[in-house]
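One structure below.
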Amino acid sequence: IRPLLETYLGSLPGTGRQETPRDYAVRIPSGRIRKEWRLGNNDKASVRLIVGGEYEYSQRTTLELKAIAKILESRLREKLKEAEKGEGAPTVTVDLSKFPAARYMFRISFDVVPAKVDKLITAVELEVRRMKVFGPTIDDLDRFINAEVDATEVAIGQNEFWLYYLSRQYQDQEDLTDIVSYYQRLDKIDREFMRQTANLYLGDENVVALIWLPENTPLTPSK
C-alpha cells in the first residue's frame, strides 16, 4: 500500500495552515413554531418536530442524548402501533456537534393521514413528557445497551466505520482510543442522569413543527 500512499497522498501540498471551524451563526429559532405546506397528491402528511440548541459537551451527555433518541423512537413506535394500528412509524434522530459550538438537534419524523396530524403530535409530546418525568425504564436501557453493543461489534469490522470514527475524533479533538472504553461508558449510563438530561434538552418551549400536507387539505383554523 505504501506506493499508493506516496502517489496519492504524498503528492498533496502541505501548507502548514491551521484550520479552525467557522461559525455561520445558523440557529434554530426560539418559541413554538408551526409551518404548513400543501404540496402534491400524497394521501399522507409528513411531520417533522425539531427541538435543539446548545448543550454542555461531555462524553456522558453526548451518549445520554443518543440513548434518549433511540429509546424515544422505540417507545413511540410501540405506542403508535398500539393506538393507530402501525400508522406513523416514527423515527427519532439527534444530530450532535462539538465545534464551532456544542449543539444538538432532535428530529422526530412520521407520516400520517392529515386528519390525525394533531393527534399524533400530541401523542409524541406526551411520550417526551414521560421521558422527562420518569426517565427510561430498566428494560428501555437494557435494550439500548444490548443493541448498541451488537451494532458496535459489527461496525468495528468495517472500513467505513473507522473512516468516520477517525475523522470525527480528529475534528472533535478527541482521543483516538476512545472506542476502547466505549463499552465501559455504556455500562455506566444512569437512568436518573438520563432523566435530568431529558429535562435539560427536551424543553417544550422551543419546538418547530414542519408539516407537509396534500394540496387538497383544508387550512388549519387560526387560533
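The values are calculated or read from the model by the stated rules, or taken from the named source; none is laboratory data. All figures in this text were calculated on a predicted structure; none of them were measured in a lab. Note that we place each Cβ from the backbone using ideal geometry, even for glycine, and neighbour counts take in every protein chain shown. We work out accessible area using only protein heavy atoms, side chains counted, and drop any ligands, DNA or RNA first. Shrake-Rupley method; radii C 1.70, N 1.55, O 1.52, S 1.80 Å.
Take ILE50 and tell me if it is hydrophobic (A, V, I, L, M, F, W, C), at pLDDT 95 or above, part of a strand (DSSP E or B) and more than 21 Å from SER181 (Cα to Cα).
Against the criterion (hydrophobic (A, V, I, L, M, F, W, C), at pLDDT 95 or above, part of a strand (DSSP E or B) and more than 21 Å from SER181 (Cα to Cα)), ILE50 qualifies.
Given the conditions (1) small (Gly, Ala, Ser); (2) closer than 30 Å to ARG32 by Cβ; (3) not in a helix (DSSP H, G or I), which single one is not true for ALA198?
Result: ALA198 passes all but (3).
Please identify the pairs in which a residue from region 53-75 that is more than 15 Å from GLY203 (Cα to Cα) has its Cβ atom under 9 Å from the Cβ atom of a residue that is among the small types (Gly, Ala, Ser) and buried (at least 18 other Cβ atoms within 10 Å of the Cβ), counting only partners at least 6 apart or on another chain.
Short answer, once both residue conditions are applied: GLU64/ALA198.
If you take the residues in region 41-65 that are touching a strand residue (DSSP E or B) at 6+ places or on another chain (Cβ under 8 Å) and either of a type in the set (Ser, Thr, Tyr) or surrounded by fewer than 10 Cβ atoms within 10 Å (Cβ to Cβ) (or both), which one is farthest from TYR170 (Cα to Cα)?
Among those residues, the one meeting the criterion is SER46.
If I go through region 131-153 residue by residue, how many of them are surrounded by fewer than 16 Cβ atoms within 10 Å (Cβ to Cβ) and either under 15 Å from THR197 (Cβ atoms) or not hydrophobic (A, V, I, L, M, F, W, C) (or both)?
Adding up the residues that qualify gives 10.
Given the options VAL128, VAL92, name the one that is assigned to a helix (DSSP H, G or I), of a type outside the set (Phe, Trp, Tyr), modelled with pLDDT of 95 or more and open to solvent by less than 40 Å² (accessible area, probe 1.4 Å).
So the residue among VAL128, VAL92 that is assigned to a helix (DSSP H, G or I), of a type outside the set (Phe, Trp, Tyr), modelled with pLDDT of 95 or more and open to solvent by less than 40 Å² (accessible area, probe 1.4 Å) is VAL128.
Which residue pairs have Cβ atoms closer than 7 Å, lie 6 or more positions apart in sequence or on different chains, and pair a first residue in region 99-115 that is over 10 Å from VAL47 (Cα atoms) and modelled with pLDDT of 95 or more with a second residue that is part of a strand (DSSP E or B) and of a type in the set (Phe, Trp, Tyr)?
Listed by first residue and then by second, the contacts come to nothing, as the list is empty.
Checking ILE121 against (1) in a helix (DSSP H, G or I); (2) closer than 29 Å to SER58 by Cβ; (3) open to solvent by less than 20 Å² (accessible area, probe 1.4 Å), which single condition isn't satisfied?
It is condition (2) that ILE121 fails.
Only one residue in ILE145, ILE189, ILE138 is more than 26 Å from PHE99 (Cβ to Cβ), in contact with a Lys or Arg (Cβ under 9 Å, 6 or more places away or on another chain) and at pLDDT 95 or above. Which one?
On inspection, the qualifying residue turns out to be ILE138.
What are the pairs, 6+ residues apart or on separate chains, where a residue within region 26-47 that is under 29 Å from PRO100 (Cα atoms) has its Cβ under 6 Å from a residue that is modelled with pLDDT under 95 and part of a loop (DSSP other than H, G, I, E, B)?
SER30/ASN206
For region 28-42, enumerate the residues that are farther than 18 Å from ASP204 by Cβ and at pLDDT below 90.
Correct list: LEU39, GLY40, ASN41, ASN42.
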